[in-house]
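Working notes, beginning with the structure itself.
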Amino acid sequence: MELPLIHETFQSWAQSLNEQGLSARFAHDLATPDEGLILSALLLTARTDPQRRANGPARRRPYERPLARLRYLISVATPERNAQAEEALLSVMTWAEGTAGLDLLTEDPSPSWWQAWGTPPRPSFLLEASVTETSQPPDTPVVKKHQIDLVGREPG
């Protein structure tokens, strides 16, 4: 999945929450909502995809080549803790689970992590996204054909 598509996916989740009747907006940080609900996708880490080296150089046809693995903290915040945040988070988890290139992680951020960010813990989960790039094959050089005419030659 290419990076712009990942961000579009997060924004579409917020739109889908709106369609469910939950007033939601999307943010790339841990903003505290004044009203409604905020779906946050905070980028925590980025690393080179281990499969990048295994795939080697470009092939003759364009293909999706692994580029990086991005780890996000996906969280939902409401002005008051309520069941809407849990409902929204479960919906988002279901959508994430069904999206190719996104993997739900089983670990949770520690309480000290939330304290370091200066925000109280909120409903959240970790998600790893596989970022790919479309790789174009190198231009194939034109090969000159040489033809030797052996007709009329006698073996020597």
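A compact table of results
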{"read-out": "Count of residues meeting criterion [farther than 28 Å from Gly36 by Cβ, free of Cβ contacts under 8 Å to residues at least 24 places away in the same chain and charged (D, E, K, R)] in the range 60-115", "value": "1"}
{"read-out": "Test: Glu107 is over 17 Å from the mean Cα position of the chain (by Cα), within 17 Å of Arg25 (Cα to Cα) and of a type in the set (Asp, Glu)", "value": "no"}
{"read-out": "Any hit, the range 16-26, residues being in a strand (DSSP E or B), within 15 Å of the chain's Cα centre (by Cα), at pLDDT 90 or above and within 18 Å of Tyr72 (Cβ to Cβ)", "value": "no"}
{"read-out": "Condition met for Ser40 (of a type in the set (Ser, Thr, Tyr), at pLDDT 90 or above and under 22 Å from Thr106 (Cβ atoms))", "value": "yes"}
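Yes or no, residue by residue, for (1) modelled with pLDDT of 85 or more; (2) part of a helix (DSSP H, G or I); (3) closer than 17 Å to Pro120 by Cα:
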{"residue": "Leu30", "(1), (2), (3)": "yes, no, yes"}
{"residue": "Arg71", "(1), (2), (3)": "yes, no, no"}
{"residue": "Pro79", "(1), (2), (3)": "yes, no, yes"}
{"residue": "Ala88", "(1), (2), (3)": "yes, yes, no"}
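The values are calculated or read from the model by the stated rules, or taken from the named source; none is laboratory data. These numbers come from a predicted model, not from an experiment. As a convention, Cβ positions derive from the backbone with ideal geometry for all residues, glycine included, and neighbour counts pool all protein chains shown.
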